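Encoded as structure tokens, the structure appears first; notes follow it.
The values are calculated or read from the model by the stated rules, or taken from the named source; none is laboratory data. Predicted model, so just to flag it, every value in this text is computed and none were measured. Backbone-built Cβ (ideal geometry, glycine too); neighbour counts: all protein chains shown. Note: accessible area is taken over every heavy atom of the protein model, side chains too, but ligands, DNA and RNA are not part of it. Shrake-Rupley method; radii C 1.70, N 1.55, O 1.52, S 1.80 Å.
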Amino acid sequence: MGALMVIFSLQPKQRRKTDSVEDELELSAVRHRPEGLEQLEAQTRFSRKELQILYRGFKNECPSGVVNEDTFKDIYSQFFPQGDASTYAHFLFNAFDTDHNGSVSFEDFVMGLSILLRGTVQEKLNWAFNLYDINKDGYITKEEMLDIMKAIYDMMGKCTYPVLKEETPRQHVEVFFQKMDKNKDGVVTIDEFIDCCQNDENIMRSMHLFENVL
């Protein structure tokens with residue numbers, strides 16, 4: 001989760017008395033007006049101050065108040081120069097774009113971030129399922145899981161040790177999918193996904209490792 005936090009957060013700085021007033025004014029000044037801070041505070045696990053800091057960082061990168069996929073890819077790729085992050089950034093963008101309108105608003109961003117950083121295990125697994133369910137039909141196929149896994153390995157590039165072989169993603173997917181697809185019908189439901197993840201320490205460990213690339 002580190003990369004996204006760096007992208008849309010600012011380092012603490014000396015704040016003036018008018019900063020909170022300016023934040024409120026800025027919320028109404030952008031072309032896409034986010035929900036009020038009070039509402040976002042109620043809907044997420046962030047404090048009002050944290051939301052203000054996140055908003056100022058978001059606005060700095062996205063003055064219009066929304067981020068499109070190309071901009072998201074450009075920003076995200078800066079944190080993985082050793083590999084190709086474009087495909088994974090595409091999948092990640094689609095997971096944040098909950099209403100599928102081709103853009104991620106500040107509300108979309110903080111709602112997802114709240115789950116990933118401070119959500120329950122169940123909430124995080126629901127979010128992860130949505131990421132792997134590329135076509136959003138309620139099921140994960142082996143091909144979808146492989147697409148995500150390949151995208152992660154492409155993004156990590158040469159920073160893995162030992163260097164991963166080309167067939168490694170497929171081997172991992174074969175193992176994971178066989179464990180998850182309990183009824184062997186060729187797809188993984190959200191119940192199968194959550195049950196398997198919660199009861200398999202190796203998969204849970206892998207899930208936590210992959211959180212680092214978010």
May I ask you to give the solvent-accessible area per residue for the stretch 76-169, in square angstrom, as obtained with a 1.4 angstrom probe? 47
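Ignoring ligands, DNA and RNA, what percent of the 1.4 Å accessible area of the stretch 31-95 is carbon and sulfur? Before the final figure, lay out each step's value.
On the way: 1380 of 3240 Å².
The nonpolar share, carbon plus sulfur, comes to 43 percent.
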For GLU123, the accessible surface traced by a 1.4 Å probe with all protein chains present amounts, in square angstrom to the nearest 10, to 60
Over the stretch 40-142, what is the mean sequence separation of C-alpha contacts under 8 Å (at least six apart), divided by residue count, expressed as relative contact order in percent? 26
Beta carbons within 10 angstrom, averaged per residue: use that to sort the peptides 92-99, 63-70, 41-48, highest first. 92-99, 63-70, 41-48
